[in-house]
Amino acid sequence: MSAPAWLTSHADEVQAILDRYPQKRSALMPLFHLAQEVRGYVSEEDLAAIAELTGVTKAYAESVISFYSLYERKPVGKYVIHVCNNIACGLEGSAELIRHLEERLGIKAGETTPDGLITLHVTGECIAACDAAPALQVNLEYCNKVDPEKADAIIEAIRRGETPEAIGDMFGGLSLQPTAGFTKSSS
Amino acid sequence: MGFEPVLTKGIGEGDLIDIDVYEGQGGYQGLRKALKELSPAEVHEMVKESGLRGRGGAGFPTGVKWGFLPNDGRPRYLVCNADESEPATFNNRMLIEYNPHQLIEGILISAYATGAAQSFIYLRGEFKRGYDVLMRAMEQARRKGYLGKNIMGSGFDQEITVHRGAGAYICGEETGLLSSLEGGRGQPRLKPPFPAVSGLYGMPTIVNNVETLCNVPHIIYRGVEWYRSIGTEKSPGPKIYSVSGKVKRPGNYELPLGVTFAELLDLAGGLHEGRRLKGFQPGGASAPILTADHVDVPLDFDSTMEAGSMLGTAGVIVFDDTVCLVRVARYYADFFSNESCGQCTPCREGTAWKSRILRRLEEGGGTMHDLDVLRSLKRTMQGTTICLLSDASTFFVQSVLERFPEEFEAHVTAGGCPLQLEEVRSA
Ligand SMILES: Cc1cc2nc3c(=O)[nH]c(=O)nc-3n(C[C@H](O)[C@H](O)[C@H](O)COP(=O)(O)O)c2cc1C
Ligand code: SF4
C-alpha cells in the first residue's frame, strides 16, 4: 500500500488537526473527514495512514469508522444525495420522492449512476429540516420541500456542474417564523 | 407590549455571520461585561439565579450542573452538544447557521465561568454548512481578539475546537458524545460518574446544548431580572419551538416558555383545511403523545411532564386524522433500532423486535398477543440499560397503546392499516 497523497498535499491541515486535541486519538474522525473530502471515500490506505498518525492499530481505526454512517468506504459519485426518511419527511411523501429519484437516475438507493456522477442514499436519521419536508441533502447541502419537479431541477443543477454550495443556496433556506409581538391569550 | 425574540433576533434581517452586524445589535457585550466586571463565580451565580434549564432534552438547571465540577486542580473542559438529531428537532441548526457568534459568545462566557481549559463543539456531521459558518465566525472573532489568548485584554484564554460527527444519533447522548470526541465508537458510558466529575479524557467536563449556551450572553448582558420576566417561574426564558407535521406553517418559533400548544398551533397557521387534530408530541420522537384534550397544556418543562409527556427538545410534531399512529410508531422503531449502539441486550434486541412487530401489524399479520408483547417492553426496556435510548424508544409506543389503543386493535382486526385499506378501497 502506498501512502495517500493528502499526507503531503494537506500536510499543514493534518498537523493542525493533530495539534487541536489534548490526545491524538481524537484526531481520528477529522482525519477520516479529510481523507473523504480528498478521495470521496476512505480507502484502505487512508485508514492505515490515519491509524499510524493517531497511534492506534488499523483494527481499532476500522472499529471506529464502521460506527459512523457518513463515512464512505467504497467509491461514490461526485455528488452524494441523502434523502431523509424519518417521520416528518415520511408524512410528507419521502417514499414517493425516493421512488421518483430512483426512476430518474435509473438506480436504486445505495447505488451510483454508471457515469459516476450521483450516489443516492436514503437515511433513517432525521436531518433536522422537518419544516422543509420532504428534504434531502446534496453533498450535505440542504434542499427544502422537494417535490418531483424540484427533484428534477436539482438533478439538472448537478448535471450542469453547479457546486453543492450553490445548490444549497438555490434550494435551501431559513426555517424561522415571525413571533415578535406575541402575547399570551387570556386563558 | 408583546414578546421580543431574543435568540433569533436579527436572523433573516442582517447577516449575523458578519461580526460587525452581530456587535451592532449588542453582540459580545455579555462577554465584555463578564470579563471586565464579573468574576467567574459571579457569572456562575447569575446563570444559577436566572433559572436557565438545559435545552438538550432533560431541562436540568444549568447553574446547578456547573456547580458539580469538583475543585481538584484537574483541567476542565466545556463541550457544546451540537449533535442535534432527535427526530422533529431543528433549531440548533438554525442557531448555528444564522447566528454563530451568539453561540461562540455563549461558549466563551460559560468557559470563563466554569474555568474550562478548552472548549469543544461536537457538531453533527451533516451540518456541513454550519461547520463552514462557525469556522468563518471564529476567524473573525479571533481577529478581533475575542478568541484565543488574552481575550479582550482580560488575561482570559480560550480555544474552541469544532469536532464534526459522522452520522450517529447516539452521539447526542452526552457520554456517547464524549466517547466519540475521544476518538472512539460513540458508545455511552454508565453514569455515575457524571461528566462533571469524569468526562472528556476522564477530566471534569460540562456538556451543554447549543440553545442552552445561546441563552447565556443575554442573561449576563441584560440581567437576571429581565431574563426571569420571560417564560414561567420554573421554566424561565425564551425557547425555540420547532414545529412540524400536519400544520400549515411549520418552522421555528421563538416564544416564551409556557406558551400553550393551542397558541403555538395558531401561530403555525393551524391544521390543514377540514382536518381534525389527533395528537401531538411536544418534544421530539422520544416524547409520549398528547391528545386533543391537551391543547391547553403550557409547553414548559413541568407542565408537559404533569400531562404525561415531556418538553424534551421542544420539537413539536403534529398529527391530524390522516396520520396512522402505528405507522409513526414503526418509523420511530426503525430509527431507534438503527441507532442503538448495541452495547445493551434489552436495547439492541428490543428495538429490533419492536420494529419487526410493528411492521407485522402494519402489514396485516399482527395479533392481540403482539400488543401484549409491546406493552411488556415497558418492563424489559425501561431502566435496564446504560443510557436512555432504550427507554426513549418505548415512550411513544407505550403512550399510543395507552391513549389510542383502538389504533392498534384496529390494525389487528382489519388485518392491516385501516387508513390505507380505506384508501385502497376507495381507489
Ligand atoms: C439518546 C439521546 C440522544 C440525545 N441527543 C441529544 C442531542 O442531539 N443534543 C443535545 O443537546 N442533547 C442530547 N441529549 C441529551 C444529552 O445527553 C445531555 O443531557 C445534554 O446535551 C445536556 O445539555 P443541557 O443541560 O444544556 O440540556 C440526548 C440524550 C439521549 C439519551
Ligand atoms: S441503551 Fe442502547 S444506545 Fe444506550 S448504551 Fe445501551 S445499547 Fe447503546
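The values are calculated or read from the model by the stated rules, or taken from the named source; none is laboratory data. All of these numbers come straight from a predicted model, not from anything done at the bench. Counting neighbours? That spans all protein chains shown, and the Cβs are built from the backbone with ideal geometry, glycine included. Surface accessibility is based on the protein's heavy atoms, side chains included, excluding ligands, DNA and RNA. Shrake-Rupley method; radii C 1.70, N 1.55, O 1.52, S 1.80 Å.
Of the accessible area of the protein assembly as shown, computed with a 1.4 Å probe over protein heavy atoms only, carbon and sulfur atoms account for 51 percent.
Figure the gain on full extension for B:Arg359 and B:Arg142 (residue separation times 0.36 nm, minus the Cα-Cα span) and round it to one decimal in nm. Please report the intermediate quantities before stating the final value.
Details: separation 217, 0.36 × 217 = 78.12 nm, distance 5.26 nm.
This chain segment gains 72.9 nm when fully extended.
Remark on B:Asn209: its backbone amide H falls under 5 Å from those of B:Arg55, B:Gly56, B:Asn81, a criterion applied only to residues 5 or more positions apart or on other chains, H modelled at 1.01 Å from N. Applying the criteria of a DSSP loop state and at most 13 other Cβ atoms within 10 Å to the trypsin sites (Lys or Arg not before Pro) of region A:96-187 yields A:Lys108, A:Arg160.
Heavy-atom accessible surface of the protein assembly as shown, averaged per residue, reaches 38 Å², computed with a 1.4 Å probe.
Contact order, relative form, for region B:19-228: 32 percent (alpha carbon pairs under 8 Å, 6 or more residues apart, mean separation divided by residue count).
Using every alpha carbon pair in chain B, what percent of pairs falls into each 10 Å bin from 0 up to the bin containing the largest distance? Once binned at 10 Å, the Cα pair distances of chain B give 5, 21, 30, 25, 13, 5, 1, 0.
Remark on region B:238-320: hydrodynamic radius 12.1 angstrom, per the Kirkwood mean of 1/r across alpha carbon pairs. Each pair of Cα atoms in chain A enters the Kirkwood radius, and Stokes-Einstein at 20 °C and 1.002 mPa s then converts it into a translational diffusion coefficient of 116 µm²/s.
The accessible-area loss of region A:70-89 on complex formation, taken against its chain alone with a 1.4 Å probe, reaches 10 Å² or more at A:Leu70, A:Asn85, A:Asn86, A:Ile87, A:Ala88.
Counting pairs of alpha carbon atoms under 8 Å apart in space and at least six apart in sequence, what relative contact order in percent does chain A give?
Values: 247 pairs, mean separation 29.8, N = 187.
Computed over chain A, the figure is 16 percent.
Label positions at A:Glu45 and B:Phe60, each projected 7 Å from the Cα along the C-beta direction, are separated by 4.6 nm. Shown for region A:169-186: residues covered by the partner protein chains by 30 Å² or more of accessible area relative to the chain by itself (probe radius 1.4 Å), namely A:Leu174, A:Ser175, A:Leu176, A:Gln177, A:Thr179, A:Phe182, A:Lys184.
So the label point goes 7 Å from the Cα of B:Arg375 along Cα→C-beta, right? Which residues of region B:327-369 then have their backbone N under 15 Å from it? Residues B:367-369 fall inside that zone.
Beta bridges from DSSP with both residues in chain B: antiparallel share about 45 percent, rounded to the nearest 5. Here each label is just a point 7 Å from Cα along the line to Cβ, and for B:Trp226 and B:Asn338 those points are 4.4 nm apart. Structural descriptor for chain B: relative contact order 16 percent, calculated from alpha carbon pairs under 8 angstrom and at least 6 residues apart.
Helix B:405-414 and the longest principal axis of the Cα set of chain B meet at an angle near 40°.
Label positions at B:Leu190 and B:Glu273, each projected 7 Å from the Cα along the C-beta direction, are separated by 6.0 nm. Overall size of the protein assembly as shown from C-alpha positions, given as principal axis extents largest first: 73, 68, 48 Å.
Under a 5 Å amide H cut-off, with hydrogens placed 1.01 Å from N, A:Ile118 pairs with A:Lys78, A:Tyr79, A:Thr113 among residues at least 5 apart or on other chains.
In straight-distance terms, cross-link reach from A:Lys74 covers every one of the aspartates and glutamates whose alpha-carbon lies under 16 Å from its own, apart from those fewer than eight places away in the same chain; here that gives A:Glu37, A:Glu44, A:Glu45, A:Asp46, A:Glu62, A:Glu111, A:Asp115.
In chain B, excluding the sites themselves, the longest stretch lacking any of the GluC sites (Glu not before Pro) that are in a DSSP loop with at most 10 other Cβ atoms within 10 Å is B:14-232. The separation of region B:177-241 from region B:313-335, counted between C-alpha centres, amounts to 28 Å. Note on region A:79-184: Cα-Cα pairs beyond 24 Å make up 21% of the total pair count.
Interface B-A: total buried accessible area of about 5300 Å², 1.4 Å probe, protein heavy atoms only.
Taking amide H as placed 1.01 Å from N in the peptide plane, the amide H of B:Asn252 sits under 5 Å from that of A:Leu176, A:Gln177, B:Val243, each at least 5 places away or on another chain.
With the cut-off at 1.5 for a/c, could you classify region B:284-416 from its C-alpha gyration tensor as rounded, prolate or oblate?
Details: a/c = 1.88, a/b = 1.11, b/c = 1.70.
Judged from the Cα gyration tensor, region B:284-416 comes out oblate (a/c at least 1.5, b/c at or above a/b).
Just to confirm the number: angle between the C-alpha axis of helix B:345-363 and the first principal axis of chain B, 0 to 90 degrees, nearest 10? In chain B, helix B:345-363 runs at an angle near 50 degrees to the longest axis. Pairs with C-alpha atoms separated by more than 29 Å, drawn from the list B:Lys9/B:Lys278; A:Lys78/B:Lys354; B:Lys128/B:Lys149, are B:Lys9/B:Lys278; A:Lys78/B:Lys354.
Put the Cα centre of region B:24-83 next to the Cα centre of region B:343-361 and the gap is 39 Å. Interface residues of region A:98-136, defined as those losing at least 30 Å² of solvent-accessible heavy-atom surface relative to the isolated chain (probe radius 1.4 Å), are listed as A:Glu125, A:Cys126, A:Ala128, A:Cys130, A:Asp131.
The residue among B:Ala166, B:Ile219, B:Leu190 whose Cα reaches farthest toward the positive pole of the charge dipole of region B:131-223, with charges on the beta-carbon of Lys, Arg, Asp and Glu, is B:Ile219.
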